[in-house]
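Visitor: My questions will all concern the structure given below.
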């Protein structure tokens with residue numbers, strides 16, 4: 001288990017009150033006292049370490065066209081946060097405030113809106129320089145805008161209302177988890193089509209990269225995760241980086257994130273490269289995808305729809321791997337984010353998936 | 001006086017209680033019972049008809065580097081609004097709510113923040129697909145984000161807090177007037193430099209287009225305003241359009257708006273043309289401007305600063321006129337916005353300003 005994931009597990013056990021000290025939590029987890037399962041096995045997604053425990057509030061995203069739902073925890077912002085493996089007291093305190101105040105408040109506000117139209121919001125954000133993986137500034141502001149009237153009229157003490165909106169305003173990744181759940185709800189709806197070579201999951205746990213394919217049931221095709229290349233915060237460098245981690249590649253799986261970078265030129269200041277590179281990545285992704293999104297359109301590409309639906313066969317035919325952008329976690333537990341950059345899945349995942357598709361076809 | 005301006009004057013007189021019926025208001029104004037002065041003579045700017053009266057609350061933008069201030073009324077949103085010449089009861093009611101509730105609430109919230117950093121906000125918005133003249137969606141969301149924590153904790157009844165934030169959320173041009181005042185505060189600081197050929201004002205009243213030049217004191221150089229070319233709302237067309245109107249060309253004067261369209265490709269859906277056109281307009285403006293903004297940077301142009309500071313000499317040398325984008329008002333009073341498009345100042349303004357500069361130089 002990678003450092004940041006170990007750190008997040010420690011933090012989660014402290015948060016749930018299942019351990020009172022980090023050492024105790026680490027021993028409990030190492031001794032097999034904790035059952036681990038991928039978020040993806042529960043219609044859920046979590047960025048980076050992605051640890052989701054019983055008492056964490058979650059966003060619920062409904063795919064109203066297909067009736068399925070997906071879930072994701074609330075984003076903690078940057079700095080010392082559980083998802084990057086930090087477990088300091090302030091991290092645990094914040095999670096408890098999420099559980100006791102923020103989660104219920106957001107829940108009530110969202111219910112009062114009758115539900116926020118996630119597709120319309122993402123479509124707007126893509127016209128506002130977000131790609132909704134590592135740039136969520138517009139989407140987060142739009143979400144605040146949608147919820148603020150309801151949050152402002154909640155029956156809470158004025159300082160608590162202010163704190164909720166100040167936390168939201170201070171977190172440019174507020175929307176990330178919502179967007180991920182939206183992508184998950186879309187991808188899950190495409191899963192399980194017989195013989196389909198469409199990739200419906202790309203996920204990483206800091207050690208392995210795994211994909212799942214629509215026509216290949218619940219099998220994971222895994223290989224060792226790559227380490228992202230990018231820009232580092234002051235004091236850190238490539239030697240500190242953990243390999244690729246988190247469920248957030250669900251955004252690329254659904255055609256946004258790295259696939260929509262062409263519409264988010266400002267992101268290169270965060271992940272590296274130039275605006276021309278960002279356009280090039282997006283254009284390249286049309287080579288390995290099956291469709292173009294009719295709602296998510298990219299103004300700099302003359303409003304072309306986002307390249308959507310990675311095809312295992314096209315990846316293997318062209319040799320072009322999906323372009324993912326990602327936060328970079330320190331490889332040791334308890335430190336947190338040290339940068340952001342670009343990464344690709346290992347080719348081996350697609351190779352073994354293609355073999356499995358061929359085997360199914362022969363067997364079928 | 002153009003139709004929309006006449007309509008706005010009628011509405012303003014009704015709002016101020018100086019007339020009780022539209023006919024009465026129109027007669028009062030026509031009979032010389034009202035004194036008119038340009039916003040620009042009062043360090044103020046107003047979009048479209050731009051009518052600003054004694055009891056309207058205003059945003060105050062401070063140029064902290066130079067100590068001057070500029071003012072602008074609160075933006076009313078789209079549809080039936082005073083600035084497009086509408087004066088129906090709902091228009092007047094909204095203005096009264098601005099005066100009694102919204103203005104004081106925004107004022108208190110802004111004071112609690114200690115002041116919103118307008119330059120940082122505009123810089124961000126330009127990285128989020130706004131050009132801050134006819135696209136203010138990101139800037140407005142960022143302003144809401146900055147004020148929401150304070151608005152949410154105001155001592156007002158919950159439905160009033162919700163109404164304030166819902167109004168703000170429903171108005172994608174909430175920031176326009178703030179941005180205009182910021183541009184005015186910047187432009188005014190550049191006014192009055194001896195012999196300077198820098199344009200410090202471009203404004204239109206629906207009939208005439210006028211410019212002022214830094215080294216030419218308070219003189220206006222005017223000519224007949226052009227009529228914008230653009231896209232019309234259903235049921236309207238070019239024959240309904242009023243000539244160019246409003247102080248909002250202060251945005252282009254300060255190097256954003258039409259000058260920054262290259263970073264706002266989605267705006268072409270509103271004003272016409274293609275994303276490539278938008279880039280071309282921005283690139284062209286470097287030919288007639290004296291500098292590049294060090295804070296306002298355009299990601300699609302590799303983070304080049306906005307083309308800033310129109311030089312009368314460069315306009316005349318190159319024959320390139322400033323590119324303005326603009327809302328289009330119906331030419332009759334009382335109807336409102338019918339579209340949006342592109343327009344340029346008449347060349348004659350720059351011609352006469354250049355002559356005056358030459359005359360000053362010879363005389364000096």
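Visitor: Which one of these does residue A:262 not meet: (1) under 17 Å from residue A:346 (Cα atoms); (2) within 21 Å of the chain's Cα centre (by Cα)?
Guide: The single condition residue A:262 does not satisfy is (1).
Visitor: In addition: Is segment A:220-234 home to any residue that is touching a residue at least 60 places away in the same chain (Cβ under 8 Å), at positive phi and out of contact with any helix residue (DSSP H, G or I) (no Cβ under 8 Å at 6 or more places or on another chain)?
Guide: no
Visitor: Just one of A:259, A:270, A:303 is modelled with pLDDT under 95 and in contact with a strand residue (DSSP E or B) (Cβ under 7 Å, 6 or more places away or on another chain); which is it?
Guide: Working: A:259 fails: modelled with pLDDT under 95; A:303 fails: modelled with pLDDT under 95.
Step by step, each of A:259, A:270, A:303 is checked, and only A:270 is modelled with pLDDT under 95 and in contact with a strand residue (DSSP E or B) (Cβ under 7 Å, 6 or more places away or on another chain).
Visitor: Which of the residues spanning segment B:134-146 are part of a helix (DSSP H, G or I) and either more than 9 Å from chain A (Cβ to nearest Cβ) or at pLDDT below 95 (or both)?
Guide: Restricting attention to segment B:134-146, the residues satisfying the condition of being part of a helix (DSSP H, G or I) are B:137-146.
Residues satisfying the conditions are B:139, B:143.
Visitor: Sticking with this structure for a sec: Failed condition for residue A:111, given (1) crowded, with 16+ Cβ neighbours inside 10 Å; (2) more than 11 Å from every other protein chain (Cβ to nearest Cβ); (3) in a helix (DSSP H, G or I), with all others met?
Guide: For residue A:111, the failing item is (1).
Visitor: Here are some conditions: (1) under 19 Å from residue B:175 (Cβ atoms); (2) within 14 Å of chain A (Cβ to nearest Cβ). Residue B:48 meets all but one. Which one does it not meet?
Guide: Condition (2) is where residue B:48 drops out.
Visitor: Identify all residues within segment A:147-161 that are more than 15 Å from residue A:75 (Cβ to Cβ) and either touching a helix residue (DSSP H, G or I) at 6+ places or on another chain (Cβ under 6 Å) or more than 7 Å from every other protein chain (Cβ to nearest Cβ) (or both); write none if there are none.
Guide: First, pick out the residues of segment A:147-161 that are more than 15 Å from residue A:75 (Cβ to Cβ): A:148-161.
If the condition is that a residue be more than 15 Å from residue A:75 (Cβ to Cβ) and either touching a helix residue (DSSP H, G or I) at 6+ places or on another chain (Cβ under 6 Å) or more than 7 Å from every other protein chain (Cβ to nearest Cβ) (or both), then A:148, A:149, A:150, A:151, A:152, A:153, A:154, A:155, A:156, A:157, A:160, A:161 are the ones that fit.
Visitor: If you don't mind, another one. Go through segment B:95-108 and report how many residues are free of Cβ contacts under 8 Å to residues at least 60 places away in the same chain and surrounded by fewer than 19 Cβ atoms within 10 Å (Cβ to Cβ).
Guide: Going through segment B:95-108, the residues free of Cβ contacts under 8 Å to residues at least 60 places away in the same chain turn out to be B:97-100, B:103-108.
Still in the running and surrounded by fewer than 19 Cβ atoms within 10 Å (Cβ to Cβ): B:97, B:99-100, B:104, B:107-108.
Within segment B:95-108, residues that are free of Cβ contacts under 8 Å to residues at least 60 places away in the same chain and surrounded by fewer than 19 Cβ atoms within 10 Å (Cβ to Cβ) number 6.
Visitor: I need the full set of residues from segment A:25-48 which are farther than 29 Å from residue A:202 by Cβ, part of a helix (DSSP H, G or I) and out of contact with any helix residue (DSSP H, G or I) (no Cβ under 8 Å at 6 or more places or on another chain), in order please.
Guide: Of everything in segment A:25-48, just one residue is farther than 29 Å from residue A:202 by Cβ, part of a helix (DSSP H, G or I) and out of contact with any helix residue (DSSP H, G or I) (no Cβ under 8 Å at 6 or more places or on another chain), namely A:27.
Visitor: Here are B:95, B:78, B:102, B:106: which of them is farther than 19 Å from residue B:151 by Cβ and not in a loop (DSSP other than H, G, I, E, B)? Full working, then the answer.
Guide: On the way: B:78 fails: not in a loop (DSSP other than H, G, I, E, B); B:102 fails: farther than 19 Å from residue B:151 by Cβ; B:106 fails: farther than 19 Å from residue B:151 by Cβ.
The conditions single out B:95.
Visitor: Among the residues of segment A:59-71, is any within 14 Å of another protein chain (Cβ to nearest Cβ), surrounded by 24 or more Cβ atoms within 10 Å (Cβ to Cβ) and farther than 17 Å from residue A:168 by Cα? Even if it seems obvious, please write down each step before you answer.
Guide: So in segment A:59-71, the residues within 14 Å of another protein chain (Cβ to nearest Cβ) come out as none.
Among the residues of segment A:59-71, not one is within 14 Å of another protein chain (Cβ to nearest Cβ), surrounded by 24 or more Cβ atoms within 10 Å (Cβ to Cβ) and farther than 17 Å from residue A:168 by Cα, which makes the answer no.
Visitor: Tell me which residues, restricted to segment A:292-312, are more than 14 Å from every other protein chain (Cβ to nearest Cβ) and outside any strand (DSSP E or B).
Guide: The answer is A:312, and nothing else.
Visitor: Okay, next question. Residue under question is residue B:313, and the condition is that it be surrounded by fewer than 23 Cβ atoms within 10 Å (Cβ to Cβ) and within 14 Å of residue B:199 (Cα to Cα); does it hold? Talk me through it step by step, then tell me what you get.
Guide: Details: surrounded by fewer than 23 Cβ atoms within 10 Å (Cβ to Cβ): yes; within 14 Å of residue B:199 (Cα to Cα): yes.
Yes; evaluated as a whole, the condition is true for this residue.
Visitor: What tally of residues in segment B:162-206 results from selecting those that are out of contact with any helix residue (DSSP H, G or I) (no Cβ under 8 Å at 6 or more places or on another chain) and over 28 Å from residue A:127 (Cβ atoms)?
Guide: 3
Visitor: Please specify each residue of segment B:183-199 satisfying the condition of being surrounded by fewer than 21 Cβ atoms within 10 Å (Cβ to Cβ) and assigned to a loop (DSSP other than H, G, I, E, B).
Guide: Selection gives B:190, B:191, B:192, B:193, B:194, B:195, B:196.
Visitor: I'd like the residue in segment A:121-133 that is surrounded by fewer than 24 Cβ atoms within 10 Å (Cβ to Cβ) and without any contact (Cβ under 8 Å) to a residue 60 or more places away in the chain and, out of all such residues, is nearest to the other protein chains (Cβ to nearest Cβ). Spell out the reasoning first.
Guide: Pass one, segment A:121-133, residues surrounded by fewer than 24 Cβ atoms within 10 Å (Cβ to Cβ): A:121, A:123-124.
Among the residues that remain, those that are also without any contact (Cβ under 8 Å) to a residue 60 or more places away in the chain are: A:121, A:124.
On the way: A:121: 11, A:124: 7 Å.
Among those that are surrounded by fewer than 24 Cβ atoms within 10 Å (Cβ to Cβ) and without any contact (Cβ under 8 Å) to a residue 60 or more places away in the chain, it is A:124.
Visitor: Here is a further query. I'm trying to understand the selection: among the residues of segment B:162-182, which are in a helix (DSSP H, G or I) and either buried (at least 23 other Cβ atoms within 10 Å of the Cβ) or more than 8 Å from chain A (Cβ to nearest Cβ) (or both)? Walk me through it before giving the result.
Guide: Pass one, segment B:162-182, residues in a helix (DSSP H, G or I): B:162-169, B:176-182.
Once the filter is applied, which keeps residues that are in a helix (DSSP H, G or I) and either buried (at least 23 other Cβ atoms within 10 Å of the Cβ) or more than 8 Å from chain A (Cβ to nearest Cβ) (or both), segment B:162-182 yields B:164, B:165, B:167, B:168, B:176, B:177, B:178, B:179, B:180, B:181, B:182.
Visitor: Could you tell me which numbered condition residue A:157 fails, if it satisfies all but one of (1) within 25 Å of residue A:325 (Cβ to Cβ); (2) surrounded by fewer than 19 Cβ atoms within 10 Å (Cβ to Cβ); (3) free of Cβ contacts under 8 Å to residues at least 24 places away in the same chain?
Guide: (1)
Visitor: Starting from segment B:79-91, keep only residues that are without any contact (Cβ under 8 Å) to a residue 40 or more places away in the chain, then list their pairs with residues that are assigned to a loop (DSSP other than H, G, I, E, B) whose Cβ atoms are within a distance under 8 Å, requiring at least 6 positions of separation or different chains.
Guide: Short answer, once both residue conditions are applied: B:90/B:80.
Visitor: Just give me the residues in segment B:1-52 being exposed (fewer than 13 other Cβ atoms within 10 Å of the Cβ) and within 19 Å of the chain's Cα centre (by Cα), in sequence order.
Guide: The answer is B:36, B:37, B:41, B:42.
Visitor: Pairs please, first residue from segment B:341-357 and more than 23 Å from residue B:232 (Cα to Cα), second anywhere and in a helix (DSSP H, G or I) and at pLDDT 95 or above, Cβ atoms under 6 Å, 6+ apart in sequence or on different chains.
Guide: What qualifies is B:350/B:312; B:350/B:315; B:350/B:316; B:353/B:312; B:354/B:312; B:354/B:316; B:356/B:216.
Visitor: Got a number for residues in segment B:72-84 being surrounded by fewer than 22 Cβ atoms within 10 Å (Cβ to Cβ) and in contact with a strand residue (DSSP E or B) (Cβ under 6 Å, 6 or more places away or on another chain)?
Guide: 0
Visitor: Turning to a different aspect of this structure: For segment B:200-288, please list each of the helices (runs of 4 or more DSSP H) lying entirely inside it that holds at least 2 residues being more than 14 Å from every other protein chain (Cβ to nearest Cβ) and surrounded by fewer than 21 Cβ atoms within 10 Å (Cβ to Cβ).
Guide: On the way: elements: B:250-253, B:268-271, B:275-285.
Output list reads B:275-285.
The values are calculated or read from the model by the stated rules, or taken from the named source; none is laboratory data. Just so we're clear, the structure is a prediction, and the values are computed from it rather than from any experiment. All Cβ positions, even for glycine, are placed from backbone atoms using ideal geometry, and neighbour counts span all protein chains on display.
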